[in-house]
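The values are calculated or read from the model by the stated rules, or taken from the named source; none is laboratory data. Since we're looking at a predicted model, the values are computed, not measured. Glycine also receives a Cβ, built like all others from the backbone with ideal geometry; neighbour counts cover every protein chain displayed.
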Amino acid sequence: MKKEGNRQPDNGSAMLLFAVFFIFAVVSIAISSSIVISSIGLGLKIGLIEETFYIIVISADILIMTYSAVRMLNSYRNVMRLLAEISTENYGTPASSSIATKPEPALSRSEELVVGIISRNGGKMLQNALVLDSGLSPATVTRVLTSLEEKGVVERTRHGMTNAVDLKNYRARP
């Protein structure tokens, strides 16, 4: 969904671009460090100018590597979020009759967070998308979902390499 005039690369292209920058920075550090170490090993005197250039190159490479790693991670998250949205759209939304009238079970803070996220996503979403949206570890999300299943709040069904999570018999707090 690109707007006209938007010339930003898509997330896949951005990830590739920053991966290339990251690899370039790693190779640059390796080459410059090899030159300095070889020069010292051969007994050549390294002057202040060479040391300064070496420090500048290493510092710039570290900044490039850090920036590239952060951008690749963000691009990866955006791609995963987009895939999760597509899967959720294809999976559908719950019927309005699924809201129960019986008392709601008491939930922990993590359970409230997970139920709120599922509720905001139409009552159904994939477990891997839930991990991304919640910021919780995959193991924590699994434990929380197991607890919610035992309380009858959610139901999980296998969906490819992940689980589809259906919110049932519960209304999340606003």
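Filtering segment 105-124 to residues that are farther than 21 Å from residue 137 by Cβ and in contact (Cβ under 8 Å) with a residue 12 or more places away in the chain leaves 105, 119, 122, 123, 124. Is it fair to say residue 113 is modelled with pLDDT of 85 or more, under 22 Å from the mean Cα position of the chain (by Cα) and within 12 Å of residue 84 (Cβ to Cβ)? No.
For segment 134-145, residues that are surrounded by fewer than 19 Cβ atoms within 10 Å (Cβ to Cβ) and in contact with a helix residue (DSSP H, G or I) (Cβ under 8 Å, 6 or more places away or on another chain) total 6. Total residues in segment 146-162 satisfying the condition of being in contact with a helix residue (DSSP H, G or I) (Cβ under 7 Å, 6 or more places away or on another chain) and either of a type outside the set (Gly, Ala, Ser) or not assigned by TED's automatic domain parsing to the domain that holds residue 115 (or both): the figure is 6.
Taking every residue in segment 34-47 that is hydroxyl-bearing (Ser, Thr, Tyr) and pairing it with any residue that is part of a helix (DSSP H, G or I), at least 6 positions away or on another chain, the pairs with Cβ-Cβ distances below 9 Å are 39/50.
Residues of segment 105-133 that are closer than 24 Å to residue 75 by Cα and surrounded by fewer than 14 Cβ atoms within 10 Å (Cβ to Cβ): 120 alone. Within segment 29-43, the set of residues being over 37 Å from the mean Cα position of the chain (by Cα) and surrounded by 11 or more Cβ atoms within 10 Å (Cβ to Cβ) comprises 35, 36, 39, 40.
Within segment 118-151, the set of residues being among the hydrophobic types (A, V, I, L, M, F, W, C) and within 10 Å of residue 167 (Cα to Cα) comprises 118, 125, 148.
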